[in-house]
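**Q** What follows is a structure written as structure tokens; I'll ask about it next.
The values are calculated or read from the model by the stated rules, or taken from the named source; none is laboratory data. Please read these numbers as outputs of a predicted model, since none were measured by experiment. Every residue, glycine among them, receives a Cβ derived from its backbone with ideal geometry; neighbour counts consider all protein chains shown.
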Amino acid sequence: MKVLITGMSGTGKSTVLHLLRLRGHRTVDTDTDTWSRWVTLPDGSTDWVWREQAITDLLGSHDGGSLFVAGCKTNQGRFYPLFDHIVLLSAPAEVLLARIAARTDNPYGKRAEERDAVLHHLTTVEPLLRATATAEIDATAPIEHVVQLLEELAEH
């Protein structure tokens with residue numbers, strides 16, 4: 001089974017991946033240069049997107065056990081047919097902002113404009129993710145429960 005875990009910054013994607021990895025599952029966090037790259041858009045802005053060949057190779061070569069991939073990129077929808085489940089982790093704005101402020105392993109969200117972007121994405125991007133997800137998990141639940149739900153999904 002191949003499961004995409006997606007959602008806004010602060011929903012716990014990296015934490016969930018860490019726990020799934022400790023439980024013996026194969027995991028890939030796409031928020032690295034190995035899996036993602038910056039591109040310049042026609043309007044001059046930049047976007048952090050999946051390296052399409054790397055993701056294609058990853059998903060095409062996986063043939064045993066569960067693979068949990070985490071990320072939230074504008075081009076991820078191209079790969080939905082290659083996943084068995086698309087799981088949206090969701091949480092209210094105040095939870096996301098509190099988690100982002102408290103985390104020490106990721107600098108994103110420390111600046112006011114980044115926090116504003118998180119809130120903007122919550123109202124503009126999350127509804128799109130929700131519309132295409134095969135499952136949604138409340139990320140305010142205890143982390144062990146979230147991991148258990150993901151493992152149960154991967155069994156079906």
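**Q** Hey, any hits in region 79-86 for a residue that's surrounded by 13 or more Cβ atoms within 10 Å (Cβ to Cβ) and aliphatic (A, V, I, L, M)?
**A** Checked region 79-86: at least one residue is surrounded by 13 or more Cβ atoms within 10 Å (Cβ to Cβ) and aliphatic (A, V, I, L, M).
**Q** Residues to consider are Ile143, Ile137, Ile100; find the one that is out of contact with any Pro (no Cβ under 7 Å at 6 or more places or on another chain) and either among the basic types (Lys, Arg) or at pLDDT below 90 (or both).
**A** On the way: Ile143 fails: either among the basic types (Lys, Arg) or at pLDDT below 90 (or both); Ile137 fails: either among the basic types (Lys, Arg) or at pLDDT below 90 (or both).
Residue meeting the stated conditions: Ile100.
**Q** So, restricting to strands (runs of 3 or more DSSP E) that lie completely within region 1-77, which ones have at least 2 residues that are among the hydrophobic types (A, V, I, L, M, F, W, C)?
**A** Numbers: elements: 2-7, 26-29, 36-40, 46-50, 67-70.
Because the criterion is at least 2 residues that are among the hydrophobic types (A, V, I, L, M, F, W, C), the strands (runs of 3 or more DSSP E) in region 1-77 that meet it are 2-7, 36-40, 46-50, 67-70.
**Q** Just one of (1) loosely packed, with under 14 Cβ neighbours inside 10 Å; (2) within 19 Å of Ser36 (Cα to Cα); (3) of a type outside the set (A, V, I, L, M) trips up Gly71, so point out which.
**A** (1)
**Q** Would you mind stating whether Glu136 is part of a strand (DSSP E or B) and surrounded by fewer than 16 Cβ atoms within 10 Å (Cβ to Cβ)? So that I can check it myself, show each step before the final result.
**A** Details: part of a strand (DSSP E or B): yes; surrounded by fewer than 16 Cβ atoms within 10 Å (Cβ to Cβ): yes.
Spelling it out, Glu136 is indeed part of a strand (DSSP E or B) and surrounded by fewer than 16 Cβ atoms within 10 Å (Cβ to Cβ).
**Q** Going by what's in this entry, would Glu94 be described as without any contact (Cβ under 8 Å) to a residue 60 or more places away in the chain, surrounded by 11 or more Cβ atoms within 10 Å (Cβ to Cβ) and not in a loop (DSSP other than H, G, I, E, B)? Before the answer, list the steps.
**A** Working: without any contact (Cβ under 8 Å) to a residue 60 or more places away in the chain: yes; surrounded by 11 or more Cβ atoms within 10 Å (Cβ to Cβ): no; not in a loop (DSSP other than H, G, I, E, B): yes.
So Glu94 does not fit the description; no.
**Q** Pull up region 9-28, narrow it to residues that are among the charged types (D, E, K, R) and in contact with a strand residue (DSSP E or B) (Cβ under 9 Å, 6 or more places away or on another chain), then point me to the one that is nearest to Cys72 (Cα to Cα).
**A** In this case the residue turns out to be Lys13.
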